[in-house]
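The values are calculated or read from the model by the stated rules, or taken from the named source; none is laboratory data. These figures come from a predicted structure and were not determined experimentally. Here Cβ is always computed from backbone atoms with ideal geometry, including for glycine, and neighbour counts include all displayed protein chains.
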Amino acid sequence: MTLIKTVCTRISLTRRVYLFLYKKTRDSSRRPHKMTVQGKTVSAIDIAKGALGFLPDVPHILPSLASLALLRPHSRRSLGLLFQETARKYAKSAFLKSEQQSWTYGQANSICNQMARGLLSMGVKPGDTVGLLSANRPETLLAVIACAKLGAVAALLNINQQGAVQAHSLKLVKPRIILACDRGLDILKQLEAEDSALLKGIELLSLQTGSTHLRVSDFRSAWCTQPVHNLAQTAQITASSPCFYIFTSGTTGLPKASVMSHYRWLQAASGMSTAVRLTATDVFYCCLPLYHNNALTVSLGVVLASGACFALDEKFSASQFWRRISHYRATAFCYIGELLRYLLNQAPHMDDQNHEIRLILGNGLRPEIWDDFENRFGIHQIFEFYGASESNLGFMNAFGLKETVGFCPMPFEVIACDADSEQVVRNSHGFCETVGRGEVGLLISEVTELRPFDGYTDPKANEGKLLRNVFKRGDCWFNSGDLVRRQGWQHIQFVDRLGDTFRWKGENVATSEVEGVLAKLPFLEHAVVYGVKLEGFDGRAGMAAVAVKPGAKLDLKALAAHVTSHLPSYAVPMYVRVLQAVETTGTFKYQKTQLKKEGIDRNVVDDPLYCFNATTRSYVALV
């Protein structure tokens, strides 16, 4: 009874908070710097229809809601403890599948215990950092769980980074040891050759057997003879402790190491599992890199919360994707938006719906391709979410609505900001003002004891993500850096990154909207939109860097006709740059920073450039 009362109290509190926020939104009047990018809102009817889908699963949802309601930063709960509890319940069920091998929960738990003791034998203590530099391998995932059981912090180093960028990442987290395999071993060898002091005092171990690197020891020999029973330390780890470090993509500068605490990881696992409602019979496929939160938090979280099986693939391949899905007999998978677009760009096939996928979970699915993807592949349960590695809040499309990143039960605000200066707008009293339903603004979330900001390992970087004195003196809010539309009923729609949106002809241009329109052109493989400074003009002119699909030709006439008929005049790209290939990160994010710097400067840009002629409504070559 006490548990039920606690859950009900928490739900009642959330409802009261919502009613307060909703009234506040309805009553707000002056809206400076109003932004009206196209998009939908959410109604009470939408919520009612979506809620009906929950009714059959209420008995399964309550345990997740209960654990979420009772979780506190000081609770003795952790990723490692959840894993061993799930392993006890589903000991003989499949937990992890790779290309050639599979492990039950019981087998994996034993290996993780051995790995944790192996780390202990090498002097690793709770709070120490263990670097992981590896491709998607089962050993890498098991090593992360082993660190969580011990209380050590796993640093998921990006295997696509090399040289000075990788050296910078290592300096941020200062690992006591590094576990590596595949290309990771080659990267370490290169780093040591470039700077012998960088890895001094750091023990290097291979997750693979048979390494020929002179300084690298075999990690397996350190753990394979260790006892298999659970560690006593695991039950003593508090939720507020750091669990692992995830590095930002580095698209706007050098990477930062964001801190994922056990508390936030458990919140995400419970919240998302409540929405997607996997069962122990599901196989959840993940081909996203383990150094990304969509793999390590989203995918692993919903798997452990349900006792499902985690199918880990080495990498994403658009041409082989559905074959891989069939190979693993997957019933669900994790995505990021560009991954789904790559799948849509593949030639239609008679087997497009010949799969067992019943739901997908991820973020970044563009509204303009949502229906196309759903209809072509016959997947009707699309659980879009919103979150960031360093964020203290998340949204989940729990009600199954289209064109929304979903619902957040906790308080948040969307405030007015100036997209050109990238600064929040303050009134005559020095405080910020919220935007109304259907309007666009900056998403922020208050930092409290129950919603802490874990931030980065660098304190200076932390302060840059916080806004102070927002609605009253002394308050502190997390600045998401994202422009979103307040859709009503605690829902939002992602619009653009604040630094990407630009102002032209007195209007705000959301690059994501322009990219979405360009994505509809059948001859374009990629389209990256950004603003460039022009001498003598205020604001920034729109520019699109595009790559043409293999075997296709750039049709400038069709491009001009398409953008002028689907975009307002101020959002039509003034310039088009044709690239041989578009550079992306390991998780398919576009590298816009360098493109912005180069602009239309013919001293650095050798690619074909075209300028929009407003009189003829056509693109002409820029020489």
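Yes or no: Leu179 touching a residue at least 40 places away in the same chain (Cβ under 8 Å) and either in contact with a Ser or Thr (Cβ under 7 Å, 6 or more places away or on another chain) or not in a helix (DSSP H, G or I) (or both)? Step through it out loud before you land on a result.
Details: touching a residue at least 40 places away in the same chain (Cβ under 8 Å): yes; either in contact with a Ser or Thr (Cβ under 7 Å, 6 or more places away or on another chain) or not in a helix (DSSP H, G or I) (or both): yes.
Taking the combined requirement at face value, the residue satisfies it.
Of all residues in the stretch 270-304, which are of a type in the set (Gly, Ala, Ser), more than 22 Å from His355 (Cα to Cα) and under 14 Å from the mean Cα position of the chain (by Cα)?
Residue satisfying the conditions is Gly301 alone.
Where residues in the stretch 191-217 are in a helix (DSSP H, G or I) and within 22 Å of Asp128 (Cβ to Cβ), which of them is modelled with the highest pLDDT?
We begin by selecting, within the stretch 191-217, every residue in a helix (DSSP H, G or I); these are 191-194.
Cutting the leftovers down to within 22 Å of Asp128 (Cβ to Cβ) gives us 191-192.
Values: Leu191: 92, Glu192: 89.
Filtering first and then ranking leaves Leu191.
Within the stretch 307-357, take every residue that is surrounded by fewer than 21 Cβ atoms within 10 Å (Cβ to Cβ) and among the aliphatic types (A, V, I, L, M) and give me the one that is nearest to Pro63 (Cα to Cα).
Residue satisfying both the conditions and the ranking: Ile357.
Restricting attention to the stretch 455-505, report how many residues are buried (at least 19 other Cβ atoms within 10 Å of the Cβ) and of a type in the set (Asp, Glu).
So the count comes out to 3.
Out of (1) in a helix (DSSP H, G or I); (2) within 21 Å of Tyr386 (Cβ to Cβ); (3) without any contact (Cβ under 8 Å) to a residue 12 or more places away in the chain, the odd one out for Thr448 is which?
Status for Thr448: all satisfied but (1).
Could you tell me whether any residue of the stretch 232-242 is part of a loop (DSSP other than H, G, I, E, B), in contact (Cβ under 8 Å) with a residue 24 or more places away in the chain, under 25 Å from Val58 (Cβ atoms) and of a type in the set (A, V, I, L, M)?
Residues of the stretch 232-242 that are part of a loop (DSSP other than H, G, I, E, B), as a first pass: 237-241.
Checking the rest, the ones that are also in contact (Cβ under 8 Å) with a residue 24 or more places away in the chain come to 237-241.
Adding the requirement that they be under 25 Å from Val58 (Cβ atoms) leaves none.
No, there is no match, as no residue in the stretch 232-242 is part of a loop (DSSP other than H, G, I, E, B), in contact (Cβ under 8 Å) with a residue 24 or more places away in the chain, under 25 Å from Val58 (Cβ atoms) and of a type in the set (A, V, I, L, M).
Looking only at residues that are part of a strand (DSSP E or B) and of a type outside the set (Phe, Trp, Tyr) in the stretch 361-404, which one is farthest from the chain's Cα centre (by Cα)? If you could, list the steps in order and put the result at the bottom.
We begin by selecting, within the stretch 361-404, every residue part of a strand (DSSP E or B); these are 361-363, 382-386, 395-396.
This time we only want the ones that are of a type outside the set (Phe, Trp, Tyr), so: 361-363, 382, 384, 396.
Details: Leu361: 11, Gly362: 8, Asn363: 7, Ile382: 16, Glu384: 11, Met396: 13 Å.
Once the filter is applied, the top-ranked residue is Ile382.
Give me the pairs, please: first residue somewhere in the stretch 329-344 and free of Cβ contacts under 8 Å to residues at least 60 places away in the same chain and at negative phi, second residue anywhere and charged (D, E, K, R) and not in a loop (DSSP other than H, G, I, E, B), beta-carbon distance under 7 Å, and either six or more positions apart or on two chains.
Leu344/Asp372; Leu344/Arg376
Looking only at the stretch 148-167, count every residue that is under 22 Å from the mean Cα position of the chain (by Cα) and closer than 28 Å to Ser240 by Cβ and tell me the total.
Total meeting the criteria: 7.
If I go through the stretch 423-447 residue by residue, how many of them are farther than 23 Å from Ser43 by Cβ and in contact with a strand residue (DSSP E or B) (Cβ under 9 Å, 6 or more places away or on another chain)? Full working, then the answer.
In the first step, residues of the stretch 423-447 are kept if they are farther than 23 Å from Ser43 by Cβ; the result is 423-433, 442, 444-447.
Narrowing the set further to residues that are in contact with a strand residue (DSSP E or B) (Cβ under 9 Å, 6 or more places away or on another chain) leaves 423-426, 432-433, 442, 444-447.
The number of residues fulfilling the criteria is 11.
Results for (1) within 16 Å of Val303 (Cβ to Cβ); (2) modelled with pLDDT of 90 or more, shown as yes or no for each residue.
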{"position": "Ser241", "(1), (2)": "no, yes"}
{"position": "Tyr245", "(1), (2)": "no, yes"}
{"position": "Ser249", "(1), (2)": "no, no"}
{"position": "Ser258", "(1), (2)": "no, yes"}
{"position": "Tyr263", "(1), (2)": "no, yes"}
{"position": "Ala268", "(1), (2)": "yes, yes"}
{"position": "Met272", "(1), (2)": "yes, yes"}
{"position": "Thr279", "(1), (2)": "yes, yes"}
{"position": "Asp282", "(1), (2)": "yes, yes"}
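Just to check your reading of the model, which residue among Asp601, Asp538, Asp607 is closer than 30 Å to Gly441 by Cβ and among the acidic types (Asp, Glu)? Steps first, please.
Working: Asp601 fails: closer than 30 Å to Gly441 by Cβ; Asp607 fails: closer than 30 Å to Gly441 by Cβ.
Unique residue meeting the criteria: Asp538.
Does Leu188 satisfy the criteria of being crowded, with 24+ Cβ neighbours inside 10 Å, in contact with a strand residue (DSSP E or B) (Cβ under 7 Å, 6 or more places away or on another chain), not β-branched (Val, Ile, Thr) and not in a loop (DSSP other than H, G, I, E, B)? Before you say what the answer is, go through the steps one by one.
Values: crowded, with 24+ Cβ neighbours inside 10 Å: yes; in contact with a strand residue (DSSP E or B) (Cβ under 7 Å, 6 or more places away or on another chain): yes; not β-branched (Val, Ile, Thr): yes; not in a loop (DSSP other than H, G, I, E, B): yes.
The answer is yes for Leu188.
Based on this model, can you work out whether Ala143 counts as under 18 Å from Leu207 (Cβ atoms), assigned to a loop (DSSP other than H, G, I, E, B) and assigned by TED's automatic domain parsing to the domain that holds Ala232? Walk me through it before giving the result.
Working: under 18 Å from Leu207 (Cβ atoms): yes; assigned to a loop (DSSP other than H, G, I, E, B): no; assigned by TED's automatic domain parsing to the domain that holds Ala232: yes.
No.
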